[in-house]
Amino acid sequence: MRLALGIEYDGTGYVGWQRQTSGVGVQEMVEKAVAVVAAEAVDVVCAGRTDAGVHAGAQVVHFDTTAERSPRGWMLGINSNLPPDISVSWATPVKPDFHARFSAESRTYRYLILNRLARSALYHCRAWWVHKPLDELAMQRAADQLLGEHDFSSFRAAGCQASTAIRQITELAVRRRDSWVEITVTANAFLQHMVRNITGTLVAVGTGERPPDWVGSVLRQADRKAAGVAAPAQGLTLTAVKYPAGFRVPPGNGDSPVFNVYDSGL
């Protein structure tokens with residue numbers, strides 16, 4: 001049978017999602033935990049390969065197994081064999097044609113920026129500290145130029161191995177709450193470092209270093225050297241993966257912990 005899992009993790013201590021020959025990837029830890037419960041080796045396929053230091057609140061994976069357990073049994077059993085910074089939030093059997101990566105219609109990432117003079121001791125592994133004042137309205141005007149289907153070569157990593165840089169962004173929102181600035185990006189798929197490169201470029205606009213129209217010019221040049229610096233990994237979190245309704249995969253939790261605290265009045 002084929003099962004899907006929803007996984008959240010703090011990526012601080014890992015070399016990324018993918019299993020690596022040097023360093024520990026989240027995939028390795030998940031596969032070991034699943035293998036204990038399944039009593040057999042498994043290969044786990046994810047919806048999006050996050051880089052070193054990047055987090056996930058709603059990663060989705062699938063694996064095939066001959067073992068039979070209840071969804072509750074899978075979730076609790078796997079969690080009991082995982083470290084505290086990785087957790088399974090749900091488990092469900094899926095159709096044989098479900099594929100965590102190729103069945104996904106879209107993915108959503110959120111990038112969190114702490115915009116104040118003092119750095120944070122609590123969020124140093126979860127947000128990018130930018131001490132220069134940011135103009136979030138200018139950043140949004142710049143971001144609007146990236147909506148739609150484009151060649152995002154200017155925002156891909158130099159070592160990106162994707163066969164094409166054509167991607168479609170359906171949402172790119174910049175919002176502020178007090179000292180926090182959050183960038184939310186939804187697309188059909190992402191290139192390596194794409195969100196981090198977009199964020200670094202938008203921050204250059206937010207500080208006044210560049211005008212909003214500059215971002216459209218960067219996009220048209222299709223040259224990574226034209227864009228801003230890559231934002232650091234720790235501010236980035238995969239928050240949702242959307243699938244066709246027929247697969248009955250639980251929706252991702254796209255909530256931002258920081259913004260939820262404010263919204264709840266705590």
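Things worth noting here:
- Across the chain, the convex hull enclosing all Cα atoms gives 137 Å³ per residue.
- The distance linking the range 42-81 with the range 185-212 is 30 Å (Cα centroid to Cα centroid, whole angstrom).
- Bridges between two residues of the chain, per DSSP, are antiparallel at a rate of about 90%.
- Within the straight-line cut-off of under 19 Å between alpha carbons, the aspartates and glutamates reachable from Lys32 are Glu8, Asp10, Glu40, Asp43, Asp64, Glu68, Asp85, sequence neighbours fewer than 8 places apart in one chain being disregarded.
- For the range 2-103, the normalised intensity computed at q = 0.23 Å⁻¹ comes to -1.28 (log10 of I(q)/I(0), Debye sum over alpha carbons, equal scatterers, no solvent).
- Translational diffusion of the range 158-258 was estimated from the Stokes-Einstein equation, with Rh taken as the Kirkwood radius over Cα pairs; at 25 °C and 0.890 mPa s the coefficient is 160 µm²/s.
- By the rule of a C-alpha distance below 26 Å, with chain neighbours fewer than 8 residues away ignored, the lysines paired with Lys225 are Lys132.
- Cα gyration tensor shape of the range 84-212, rounded if a/c is under 1.5, else prolate or oblate by comparing a/b with b/c: oblate
- Taking the fewest neighbouring Cβ atoms within 10 Å as the starting point, the ordered list for Phe155, Phe247, Phe190 is Phe247, Phe190, Phe155.
- Over the range 106-238, relative contact order from alpha-carbon pairs under 8 Å, at least 6 apart, %: 36
Laboratory data are not the source of any read-out in this text; all were calculated from the coordinates shown. Since this is a predicted model, take the numbers as computed values, not measurements. Every residue, glycine as well, gets a Cβ built from its backbone with ideal geometry; the counts of neighbours run over all protein chains shown.
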